[in-house]
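A short write-up of the structure that comes next.
The values are calculated or read from the model by the stated rules, or taken from the named source; none is laboratory data. What you see is a predicted model; the values in this text were computed from it and never measured. Cβ placement follows ideal geometry from the backbone for every residue including glycine, while neighbour counts extend to all protein chains displayed. Remember, those area values only see protein heavy atoms, side chains included, never the ligands or the DNA or RNA. Shrake-Rupley method; radii C 1.70, N 1.55, O 1.52, S 1.80 Å.
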Amino acid sequence: MTATLIDGKAFAATVRGKVATHVARLKEAQGITPGLAVVLVGDDPASEVYVRSKGKQTVEVGMNSYEHKLPAETSEEDLLALIERLNADKDVHGILVQLPLPAHLDEALVINAINPAKDVDGFHISNVGLLGTGQKAMVPCTPLGCLMMLRDHHGSLSGLNAVVIGRSNIVGKPMAQLLLGDSCTVTVAHSRTKDLPEVVKRADIVVAAVGRAHFVQGDWIKPGASVIDVGINRIPAPEKGSHEDGSVKTRLVGDVDFEAAKDVAGAITPVPGGVGPMTIACLLANTLTACCRVHGLAEPEGLTA
Ligand code: GUN
């Protein structure tokens, strides 16, 4: 291994520590406690795990957590009415509607009903437009976490060649905008990109967000490049044995062939323990930022784009 390991777990703990310190100061000096409302519709087990984790970490940094669990058959009208109430609630500074929503609900309609100033996911069309035009926005949490780790490793990103693999609205597109904002030369690659290994080979920064296990090969990486692996893929791991019911155990891997890439890259994030823990840490940072903005207070340093 020649690459520096970028420890997202430790970095996320540092971010949460900064948030907690700022929250404590806000409470003492202003009597304000930031609050995050999380709305979960239905009983998807993975979403329930995420929502529980968000609530726990929100309380741990000293903020108020408001959880709204609604049945899967909730009507659009009832969900929009709840969002309206949260938009009007002075104690709620951030609103997150957990995705995916049940199929009968229009995700775009619901997300765009959130007050953009409280849209801590950065998914509202106004925030997408603000980010795209280089204005102050709420920024999606996963790309914000990637940007923080890259800034920490490189100092300045100015002039570096960055390749983002993946063009999703949640990761790829906002990641490209953030890297442009830091004066990188940005290429957005995807499943139809020609000569992808050659494109990746030119990059000083590679952000992999394709959702395919071990898609990015070690010999695609330029020696010394920084590799940020956003992928979370579960693959069979027969070496770990079987469960009692006979099914083979599994393990989590990223979109990058870590074992090969770590001997070429200058820095690399592992999976698990890389980008993953940064997402909720950035959600907490965004909630604090939203609270400071609405009260006209100084924003926390190092926690925004
Ligand atoms: N579901 C999985 N990840 C996310 C996320 O970052 N935000 C929301 N709202 N839903 C999700």
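Overview of values
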quantity: Only one of LYS136, LYS173 that is at pLDDT 95 or above and more than 16 Å from the ligand (Cβ to nearest atom); calculated: LYS136
quantity: ALA237 vs. criteria more than 25 Å from PRO143 (Cα to Cα) and modelled with pLDDT of 95 or more; calculated: yes
quantity: Odd one out for ASP78 among (1) away from the ligand (no atom under 15 Å from the Cβ); (2) in contact with a strand residue (DSSP E or B) (Cβ under 7 Å, 6 or more places away or on another chain); (3) farther than 24 Å from HIS295 by Cβ; calculated: (2)
quantity: Contacts under 8 angstrom Cβ, first residue in region 87-115 being within 18 Å of GLY42 (Cβ to Cβ), partner within 9 Å of the ligand (Cβ to nearest atom) and open to solvent by 70 Å² or more (accessible area, probe 1.4 Å), 6 or more apart; calculated: GLN98/TYR50; GLU107/PRO100
quantity: Residues of region 264-282 satisfying the condition of being touching an Asp or Glu at 6+ places or on another chain (Cβ under 8 Å) and touching a residue at least 60 places away in the same chain (Cβ under 8 Å); calculated: VAL264, ILE268, THR269, PRO270, GLY273, GLY274, VAL275
quantity: The lone exception for GLY231 - which of (1) open to solvent by less than 50 Å² (accessible area, probe 1.4 Å); (2) over 18 Å from the mean Cα position of the chain (by Cα) it fails; calculated: (2)
quantity: Filter pass, SER191 being away from the ligand (no atom under 16 Å from the Cβ) and at pLDDT below 95; calculated: yes
quantity: Within region 13-50, considering residues that are of a type in the set (Asp, Glu) and farther than 22 Å from CYS292 by Cβ, the one farthest from the ligand (Cβ to nearest atom); calculated: ASP43
quantity: In region 187-200, residue farthest from the chain's Cα centre (by Cα) [restricted to those that are under 16 Å from ILE228 (Cβ atoms) and open to solvent by 40 Å² or more (accessible area, probe 1.4 Å)]; calculated: THR187
quantity: Selection count where residues are basic (Lys, Arg) and over 12 Å from LEU179 (Cβ atoms), scope region 131-167; calculated: 2
quantity: Considering residues of region 234-262 that are touching a residue at least 24 places away in the same chain (Cβ under 8 Å) and not in a strand (DSSP E or B) only, the residue surrounded by the most Cβ atoms within 10 Å (Cβ to Cβ); calculated: GLY254
quantity: Criterion: at pLDDT 95 or above, open to solvent by less than 70 Å² (accessible area, probe 1.4 Å) and either among the acidic types (Asp, Glu) or closer than 18 Å to ALA265 by Cβ (or both) - qualifying residue of LEU130, LEU157; calculated: LEU157
quantity: Residue among ALA281, ALA265 that alone is part of a helix (DSSP H, G or I) and modelled with pLDDT of 95 or more; calculated: ALA281
quantity: Whichever residue in region 87-107 is among the small types (Gly, Ala, Ser) and within 16 Å of the ligand (Cβ to nearest atom) and, among such residues, is least open to solvent (accessible area, probe 1.4 Å); calculated: GLY94
quantity: Selection status of GLY42, surrounded by 14 or more Cβ atoms within 10 Å (Cβ to Cβ), among the small types (Gly, Ala, Ser) and farther than 22 Å from ILE114 by Cβ; calculated: no
quantity: GLU84 being surrounded by fewer than 16 Cβ atoms within 10 Å (Cβ to Cβ), modelled with pLDDT of 95 or more and more than 12 Å from the ligand (Cβ to nearest atom); calculated: yes
quantity: Breaking point among (1) crowded, with 21+ Cβ neighbours inside 10 Å; (2) outside any loop (DSSP other than H, G, I, E, B), for ALA203; calculated: (2)
quantity: Where a residue in region 22-51 is among the polar types (S, T, N, Q) and its partner, wherever it lies, is part of a strand (DSSP E or B), with Cβ under 8 Å and at least six apart; calculated: THR33/ASN64; SER47/LEU40
quantity: Which numbered condition GLY145 misses (of (1) open to solvent by 40 Å² or more (accessible area, probe 1.4 Å); (2) within 25 Å of ARG25 (Cα to Cα); (3) within 15 Å of the ligand (Cβ to nearest atom)); calculated: (1)
quantity: Out of ILE268, ILE280, sole residue that is over 18 Å from VAL120 (Cβ atoms) and hydrophobic (A, V, I, L, M, F, W, C); calculated: ILE268
